[in-house]
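What follows is a short report on a single structure.
Every number here is computed from the coordinates shown, using simple stated rules; none is lab data. These numbers come from a predicted model, not from an experiment. Virtual Cβ from ideal backbone geometry, glycine too; neighbours counted across all protein chains shown.
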Amino acid sequence: MDTLDSVIVNVNDHLWTYLLIPLVVGAGLYFTVRSRGVQLRLLPEMFRVVKEKTPPRADGRKQVSSFGAFTISAAARVGTGNIAGVAAAITLGGAGAVFWMWMMALIGAASAFVESALAQLYKVRNAGGAYRGGPAYYMQRALGKRWLGVLFAVTITVTFGFVFNAVQANTITAVASGSLADADGSNWFGPSLGVLLAALLGLAVFGGVKRISSITTVLVPVMAIVYLLLGAAVVLLNITEFPRVIADIVGGAFGFRELAAGGIGAAIQQGIRRGMFSNEAGLGSAPNAGAAAEVSHPVKQGLVQSLGVFFDTLLVCTMTAFIVLVTNPELSGRQGADLTQTALSDTLGGWAGHLLTVVVFMLAFSSMIGNYYYGETNIQFITRKRWVLPGYRALVLSAVVLGSLGSVSIVWNLADVFMGLMALINLAAIIPLSAIAFRLLDDYLAQRRAGLEPVFTRDRMPDLKGIQCWDPIRTTVPSAQARGNGCSGGPRHSIVGR
């Protein structure tokens with residue numbers, strides 16, 4: 001097992017150091033410059049759009065709103081990466097890794113904008129009335145390369161459905177074992193918890209994406225608020241240490257001591273790796289949720305998903321970093337969520353460690369639901385055979401059980417490998433397609449300057465091929481401007497669900 005872990009680590013080091021980090025950073029900077037900093041200058045617009053309500057369908061069937069799509073993607077983003085991942089980055093890369101996580105979020109939000117706007121533009125509506133979309137769809141419809149879309153669909157299904165869900169289950173087991181002294185090191189606890197997690201996930205995913213949206217809409221705000229309150233309590237009780245923490249983060253990112261010891265390289269690599277695992281900017285995952293929303297213009301979901309990157313990294317991940325660094329715990333011998341749990345217990349008492357167990361469960365379980373949905377969307381891109389989806393569900397539940405039994409190191413290192421492969425495929429598509437996203441942005445801003453609520457229909461850009469939805473408006477009723485999002489051959493207002 002140690003040999004396998006060592007091989008995976010070597011693959012990761014070469015893949016990220018020489019290929020992924022330059023590509024991820026370069027693409028993010030290009031999108032930022034090309035869009036004139038869309039992720040910063042349109043920040044107020046992001047908050048306006050995420051609160052926008054979706055008008056009900058004429059038949060009364062439920063749709064996924066901008067906020068609903070935001071919570072589905074946040075459910076996958078806000079998970080163990082925010083607690084275990086940040087702690088692991090600090091352990092391996094020092095406090096300076098936090099600074100590079102921040103930088104990753106600031107430039108990565110531009111990548112999130114591009115991929116999610118494209119996913120909205122090229123989404124499709126299935127026979128049950130559900131919107132489906134994501135990188136696989138724009139690879140086929142915009143680039144005309146179905147083989148690339150299939151490759152991405154397979155990769156994201158394995159990455160999120162199996163590997164990332166194993167990471168979530170592994171972290172829940174680790175934290176629960178630390179919280180329950182009698183369970184630590186026992187032979188029965190991991191398998192029993194894994195089976196319980198699989199059973200609970202099965203109840204959620206067999207209800208369809210409408211149930212997924214309703215669950216995450218409740219879970220994500222609750223888990224974020226509880227965790228942020230815990231973090232705020234730790235910071236306030238150690239407020240005199242706050243300047244030292246900021247100095248450690250900045251110094252660790254640029255300090256001469258770290259430069260001499262090679263620590264800056266480790267800080268950059270860990271910061272970008274864990275930053276991408278946490279906020280998923282440019283990874284190609286969040287666009288699958290963004291495509292599910294009913295909005296009047298594709299740019300709206302681009303803005304919403306950019307906001308999701310900031311929410312995840314600049315708020316939730318930063319709180320974890322402060323929890324760990326403000327208490328200055330002993331890092332050696334600890335890794336992942338155990339480090340965060342110890343920091344909370346040392347400051348607030350043992351009850352805080354137990355409460356973190358509940359928070360981690362909520363975070364990780366909602367991530368499992370979002371992860372499952374990403375795989376389901378892409379399986380339906382690959383094939384419509386009825387037996388495939390139940391088979392996928394069974395394999396996802398098996399991965400949850402196995403993840404609760406696996407080694408922490410191997411599970412996280414495998415996640416890095418598959419995450420890197422996903423990013424490579426997705427960036428290869430969105431870099432050439434980004435010009436379309438910027439045209440959409442220009443169209444959106446022109447309508448806003450004219451005092452209009454932006455509405456997109458495909459006749460506004462007739463040269464674009466492969467667009468199934470966004471039918472031209474065929475009514476003179478003034479209120480019809482609120483939506484221009486019908487799909488060919490179906491009702492004007494679609495839904496997500498089966």
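The HN-Hα couplings worked out from phi for segment 455-467 by the Karplus form 6.51 cos²θ - 1.76 cosθ + 1.60 (θ = phi - 60°) are 10, 10, 10, 5, 6, 6, 9, x, 6, 7, 10, x, 8 Hz, whole numbers, x standing for Gly and Pro. All other residues whose Cβ lies under 13 angstrom from that of Ala136 are scored, Lys and Arg at +1 and Asp and Glu at -1, for a net of +3. Relative to the current alpha-carbon distance between Leu229 and Phe47, full extension at 0.36 nm per residue lengthens the span by 63.3 nm.
Each of Leu314 and Leu237 was given a label point 7 Å from its Cα along the Cα-to-Cβ line. The distance between the two points is 2.9 nm. Label positions at Leu464 and Ser6, each projected 7 Å from the Cα along the C-beta direction, are separated by 5.1 nm.
Residue separation of Asn126 and Leu395 scaled by 0.36 nm, minus their Cα-Cα distance, works out to 94.5 nm of gained length. Listed here are the pairs Lys51/Lys123; Lys123/Lys145; Lys145/Lys385; Lys145/Lys300; Lys123/Lys465; which of them are more than 20 Å apart at the Cα? From the list (Lys51/Lys123; Lys123/Lys145; Lys145/Lys385; Lys145/Lys300; Lys123/Lys465), the Cα-Cα distance tops 20 Å for Lys51/Lys123; Lys145/Lys385; Lys145/Lys300. Potential lengthening of the chain between Arg449 and Val388 amounts to 17.2 nm, from the contour at 0.36 nm per residue minus the alpha-carbon distance. Here the Karplus relation 6.51 cos²θ - 1.76 cosθ + 1.60, evaluated at θ = phi - 60°, turns the backbone of segment 286-299 into coupling constants of 4, x, 5, 7, x, 5, 6, 7, 9, 10, 8, 8, x, 4 Hz, with x for every Gly and Pro. Converting phi to 3J(HN,Hα) with the Karplus coefficients 6.51, -1.76 and 1.60 and the offset θ = phi - 60°, segment 144-160 yields x, 10, 4, 4, 5, x, 5, 4, 5, 4, 5, 5, 5, 5, 5, 5, 7 Hz in sequence order, with x at every glycine or proline.
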